[in-house]
């Protein structure tokens, strides 16, 4: 899915691709366990399979999103936030938001989205008891429209984004 606003490795949304990859890895682990059940040498291979699943679902996406994206190469970074929250239906997602002069970039799992300020039709900040929710209405298909986090640094970044958007 290579286009002007998305630089994602998979064509599905963040939550969908997470659960599809989790299902694929769990199925592969179950299949390996079934095929190797008669070999006593591999009785403790479950820990290795769980480590592979953890690395693929948590560690590799975090490292992938630390690298420069195609959106970041020609822009000056004004602010950067790494956090955990809810994005595109995936709770507990580790994401990165980068603020540029002309827009924001949202990175989560194996996905990277760029949202220029001129494409943002409406931005809403909803304050809860514990967290703030940033709702972005763009009309761009596939980009995240809701990001939730409970960190004060996230709140400060949301206020900076809201100040830059002309709605």
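Annotations
- Residue ranges of helices (runs of 4 or more DSSP H) in segment 1-74 with at least 2 members under 29 Å from residue 101 (Cα atoms): 14-35, 60-66
- Close Cβ contacts (under 7 Å, 6 or more residues apart or on different chains) running from residues in segment 12-24 that are on the phi > 0 side of the Ramachandran plot to residues that are assigned to a helix (DSSP H, G or I) and loosely packed, with under 13 Cβ neighbours inside 10 Å are absent.
- Pair list, Cβ < 8 Å and 6+ apart or interchain, from segment 56-70 residues that are under 17 Å from residue 23 (Cα atoms) to residues that are modelled with pLDDT of 90 or more and assigned to a helix (DSSP H, G or I): 56/21; 56/25; 57/18; 57/21; 57/22; 57/25
- Filtered residues of segment 108-131 (kept if under 19 Å from the mean Cα position of the chain (by Cα) and either assigned to a strand (DSSP E or B) or surrounded by fewer than 15 Cβ atoms within 10 Å (Cβ to Cβ) (or both)): 108, 111, 112, 113, 114, 115, 116
- Here is the figure for segment 111-142: residues that are under 21 Å from residue 91 (Cβ atoms) and either modelled with pLDDT under 90 or in contact with a helix residue (DSSP H, G or I) (Cβ under 6 Å, 6 or more places away or on another chain) (or both) total 13.
The values are calculated or read from the model by the stated rules, or taken from the named source; none is laboratory data. Note that this is a predicted model, so its numbers are computed, not measured. All Cβ positions, glycine included, derive from the backbone under ideal geometry; neighbour counts span all protein chains shown.
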